[in-house]
Amino acid sequence: MINLKEILDGTEKGYAVGNFNVHNLEYVQGVVEAAEETQSPVIIAITERPLNYYGIDYLINTVKAAEKNCSVPLCLHLDHGDNLDIVFKCIEAGFSSVMYDGSHLPIEENIANTKKVVEKAAEYGIYAEAELGKLQGIEDGKESTESALTDPEEAKRFVDETGIAVLAVAVGTAHGFYDGEPKLDFERLKAIREKVEVPLVLHGGSGVPAKSVKKAIDIGISKVNVGTELKVAFNQGIKGVWEENPDEIECTAIMGAAREGIKNKVIEKIDLFRSNL
Ligand code: 13P
């Protein structure tokens, strides 16, 4: 597994690495098969709830096993760790990257906690992502109704004071499904890009039109997070099996179709993010 900084190295040439949120073994296998087939690096990401469901040791060992059969870089990333306990636990357990999300806190507190994460990550030779600004929507089963776009000046202060390696920004996307087409604030993204030097992350990548994703990458987004579209692909895979044969009971057929759904969706995103070039 390689760390977040290394996996994003080169994205300034005009591509982004996909952060794919996983929930179980078939998700990991689908993401890794897509990475191998397209020869693209990928970030295997997980939030706290599915991590508790999966089991931290099971997950780490799955990714280690996947690595043996994989010729492209993989990064195992904690997504939206909103308390220091879970972030530190993942660092200590062997994740190659973590995100601390203190975006719900006042900026001073977000800065203070993020600094602790940066220091802890450095002890283990890895790097962290943090978020400034707030995204609406549902993530990890938690709904956020508040939205606050990232202020470019504040972003600079946040990066300077925390020493964070990678910054997640709020520029008009949301977690989960959209009602209507999301409108991204590209001028704001440009202003942030000019103020800070670290790689930038676009959360809420599901349902964003391809042309907007491409433009965001052209402006300087290095990592795009995708969760909801994978859940839909996984479920559609299973539904498809039962539509064809309602009596199907073989796990390999049912979960195999779900895995195939994940793989195909990840390939589609890798093509869009141009990380296979
Ligand atoms: P979506 O579920 O909207 O794709 O967002 C995923 C995400 O940002 C995970 O951090």
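Per-structure values
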| quantity | calculated |
| --- | --- |
| Summed residue charge, Cβ within 14 Å of Thr252's Cβ, Lys/Arg positive, Asp/Glu negative | -3 |
| Fraction of accessible area attributable to carbon and sulfur, the chain (%, probe 1.4 Å) | 49 percent |
| Accessible area of Thr145 in the full protein assembly, 1.4 Å probe (Å², nearest 10) | 110 Å² |
| Net charge dipole size for segment 131-227 [Lys, Arg +1 and Asp, Glu -1 on Cβ; Debye, nearest 20] | 380 debye |
| With Cα atoms, 0 to 90° folded angle of helix 210-219 axis to the chain main axis | 40 degrees |
| Inter-part distance where segment 209-250 and segment 137-208 are each reduced to a Cα centre, Å | 21 Å |
| Folded to 0 to 90 degrees: helix 107-123 orientation relative to the chain principal axis, Cα | 60 degrees |
| For segment 167-261: accessible area per residue (Å², 1.4 Å) | 49 Å² |
| 9 Å beta-carbon shell around Ile219, net charge (K/R +1, D/E -1) | +2 |
| Relative packing of peptides 264-272, 220-228 - highest average C-beta neighbours within 10 Å first | 220-228, 264-272 |
| Farthest positive-ward along segment 69-146 dipole, Cα basis, beta-carbon charges - from Ala121, Asn69, Leu132 | Asn69 |
| Local electrostatic count at Leu84 - Lys and Arg +1, Asp and Glu -1, tallied over other residues with Cβ under 9 Å | +1 |
| Only Lys, Arg (+1) and Asp, Glu (-1) charged, at Cβ; the chain dipole about Cα centre in debye | 580 debye |
| Rounded tilt (10° steps) of 251-273 against the dominant C-alpha axis of the chain | 40 degrees |
| Cβ-based charge dipole, segment 84-243, positive-most Cα from Ile221, Ile91, Val196 | Ile221 |
| Helix-derived mean residue ellipticity, 222 nm - over the chain, DSSP H n ≥ 4, -39500 (n - 2.57), to 500 | -15500 deg cm²/dmol |
| Computed P(r) (all Cα pairs; the chain; 5 Å bins; percent) | 1, 6, 14, 18, 20, 18, 12, 7, 3, 1, 1, 0 |
| Efficiency of FRET between Lys115 and Cys251 - r from beta-carbon atoms, R0 35 angstrom, step 0.05 | 0.15 |
| Unit charges on C-beta of K, R, D, E only; dipole of segment 196-277, Debye | 520 debye |
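The values are calculated or read from the model by the stated rules, or taken from the named source; none is laboratory data. Not measured: the values here are computed from a predicted model. Heads up, the Cβs are rebuilt from the backbone with ideal geometry, glycines too, and the neighbour counts pull from every protein chain shown. Calculation scope for accessible area: heavy atoms of the full protein, side chains included, ligands and nucleic acids excluded. Shrake-Rupley method; radii C 1.70, N 1.55, O 1.52, S 1.80 Å.
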